[in-house]
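Visitor: Pasting in a structure now, in structure tokens, and then I'll have a few things to ask.
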Amino acid sequence: MLSEISSWRGAQYLDSGWLGPAFVVMLTAFILVNIRRAGKGKDLYIRRIAGLNAIDEAVGRATEMGRPVLMVPGLSDTVNAIVVQALNIFSYVSRIAARFSNPILICCYSAAIYTVGQEVIRDVYQQEGAGDKYDADSVRFISDRQFAFAAGVSGLILREKAAATFFMGEFYAESLIFAETANSIGAIQIASSTEATQTPFFIAACDYVLIGDEFYAASAYLTRQPVLVGSLVGQDWCKVAIAATFVLGALMNSIQLGPFHHKEVSEQRVDTVVQPLEQPRLMKVSDTFMYQLFNPQEDKELKIDRPQKPGAATPTAGEGGGE
């Protein structure tokens, strides 16, 4: 039987226990169930995020003042998940601006982001039936050097007198430069940084800040697409389940190892075999149910035959310092 198992390509995962795969299955089920619920029109609850609710107010204020909306998708070198999320938020902002014929400015740190940003904003204007109002110069490549970029964006904020600014993505030492510059001209600011060290600076100088998961939940919150909303709610369910597992584990360990339950054990686990002890002893952490649940034992008889790569030398006795 073991020889048949060891010949299976995925046999190396058999010693990982059932808990990990169970959580993966549970997470997948939670997401699929909630996507189905959202697709059927079920109103899934997402808590109010003040920074995202203020987008309409910020763009409306810029329209009333006749001044542009300025957006910065962070200082990422490539088009990664953070940039995509920032551009998703900016596409929503641009959609509102297009409806009110309000000018926008998007300042890019990378040429790749500049190219993608142009396409995204152009599509937004075309979808709103305002393709003739799209200005190719509204998406600008400033510089791929940190403080040259900071100086260029700050200069644009001051010259254009932006009424609303959005800073979303990866920010570093320049975060406070942007925030203070926009604050000096009275712009309403909505910001979010994936760098935890920069979030306090945005909190100190900006009107609204998206913290932590709020940044990644923005697409689902703004668009209410069933797939996005269902995925978000499903992940929240899984977080609750994992937290409940921690609480349950702490309670069970406390009961088994608590001051009033010094349980004596007369057996011990050696690999996968339970052997009797010569003398009973007090229970250790490794004897508890939760420890055994999270730390399954490995069967030494299970051997994995891995095919060698072509040209790989077969180690012989005496090589590699072994005896």
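Visitor: Restricting to segment 145-200, and then to whatever is in contact with a strand residue (DSSP E or B) (Cβ under 9 Å, 6 or more places away or on another chain) and of a type in the set (D, E, K, R), can you tell me which residue is surrounded by the fewest Cβ atoms within 10 Å (Cβ to Cβ)?
Guide: E160
Visitor: How many residues are more than 22 Å from I188 (Cβ to Cβ) and either assigned to a helix (DSSP H, G or I) or among the polar types (S, T, N, Q) (or both) if we restrict to segment 118-134?
Guide: Residues flagged as more than 22 Å from I188 (Cβ to Cβ) and either assigned to a helix (DSSP H, G or I) or among the polar types (S, T, N, Q) (or both) within segment 118-134 amount to 11.
Visitor: Related question: Would it be correct to say that Y92 is assigned to a helix (DSSP H, G or I) and either among the acidic types (D, E) or more than 30 Å from G212 (Cβ to Cβ) (or both)? Steps first, answer last, please.
Guide: Values: assigned to a helix (DSSP H, G or I): yes; either among the acidic types (D, E) or more than 30 Å from G212 (Cβ to Cβ) (or both): no.
When the stated conditions are applied, Y92 does not pass them.
Visitor: Please find, within segment 27-54, the residue that is surrounded by the fewest Cβ atoms within 10 Å (Cβ to Cβ) out of those that are touching a strand residue (DSSP E or B) at 6+ places or on another chain (Cβ under 7 Å) and in a helix (DSSP H, G or I).
Guide: The qualifying residue surrounded by the fewest Cβ atoms within 10 Å (Cβ to Cβ) is A50.
Visitor: Then there's this: Could you look through segment 219-247, keep only residues that are small (G, A, S) and closer than 17 Å to A38 by Cβ, and pick out the one that is farthest from the chain's Cα centre (by Cα)?
Guide: First, pick out the residues of segment 219-247 that are small (G, A, S): 219-220, 230-231, 234, 241, 243-244.
Narrowing the set further to residues that are closer than 17 Å to A38 by Cβ leaves 219-220, 230-231, 234.
On the way: S219: 12, A220: 13, G230: 16, S231: 12, G234: 14 Å.
Out of the qualifying residues, it is G230.
Visitor: Could you please find all residues in segment 23-41 being under 25 Å from the mean Cα position of the chain (by Cα) and among the charged types (D, E, K, R)?
Guide: Pass one, segment 23-41, residues under 25 Å from the mean Cα position of the chain (by Cα): 23-39.
Correct list: R36, R37.
Visitor: Right, here's the next one. Looking at segment 135-144 only, could you name the residues that are surrounded by fewer than 24 Cβ atoms within 10 Å (Cβ to Cβ) and either in a helix (DSSP H, G or I) or touching a helix residue (DSSP H, G or I) at 6+ places or on another chain (Cβ under 8 Å) (or both)?
Guide: A136, D137, S138, R140, F141, I142, S143, D144
Visitor: Still on this structure, please answer the following. Is it the case that G74 is on the phi > 0 side of the Ramachandran plot, at pLDDT 85 or above and in contact with a helix residue (DSSP H, G or I) (Cβ under 9 Å, 6 or more places away or on another chain)?
Guide: yes
Visitor: Within the set of pairs 6+ apart or on separate chains, which have a first residue in segment 55-74 that is surrounded by fewer than 16 Cβ atoms within 10 Å (Cβ to Cβ), a second that is assigned to a helix (DSSP H, G or I) and not small (G, A, S), and C-beta atoms under 7 Å apart?
Guide: D56/I96
Visitor: Still on this structure, I have one more. Mind listing just one residue for me: the one in segment 67-84 that is part of a loop (DSSP other than H, G, I, E, B) and β-branched (V, I, T) and, of those, farthest from the chain's Cα centre (by Cα)?
Guide: T78
Visitor: Sort out which residues of segment 204-232 are within 15 Å of I49 (Cα to Cα) and assigned to a helix (DSSP H, G or I), and write them in order of number.
Guide: Residues satisfying the conditions are D213, E214, F215, Y216, A218, S219, A220, Y221, L222, T223, V229, L232.
Visitor: Is segment 215-223 home to any residue that is surrounded by fewer than 21 Cβ atoms within 10 Å (Cβ to Cβ) and without any contact (Cβ under 8 Å) to a residue 60 or more places away in the chain?
Guide: No: zero hits.
Visitor: Taking into account only those residues within segment 98-108 that are touching a residue at least 40 places away in the same chain (Cβ under 8 Å) and either more than 24 Å from A62 (Cα to Cα) or over 29 Å from the mean Cα position of the chain (by Cα) (or both), which is surrounded by the most Cβ atoms within 10 Å (Cβ to Cβ)?
Guide: Among those residues, the one meeting the criterion is N102.
Visitor: Contact list please: Cβ distance under 8 Å, first residue in segment 17-45 and within 22 Å of A220 (Cα to Cα), second residue at pLDDT 85 or above and polar (S, T, N, Q), pairs at least six apart or on different chains.
Guide: Cβ pairs passing all conditions: L27/Q235; F30/Q235; I31/S231; I31/Q235; N34/S231; I35/S231; L44/N34.
Visitor: I'm trying to understand the selection: among the residues of segment 224-254, which are crowded, with 17+ Cβ neighbours inside 10 Å and small (G, A, S)?
Guide: Within segment 224-254, G230, S231, G234 qualify.
Visitor: Kindly indicate which of I142, I211, I188 is in contact (Cβ under 8 Å) with a residue 60 or more places away in the chain and either under 21 Å from S94 (Cα atoms) or under 18 Å from the mean Cα position of the chain (by Cα) (or both).
Guide: I188
The values are calculated or read from the model by the stated rules, or taken from the named source; none is laboratory data. Fair warning: this is a prediction, and the values are worked out from it, not measured in the lab. Every residue, glycine among them, receives a Cβ derived from its backbone with ideal geometry; neighbour counts consider all protein chains shown.
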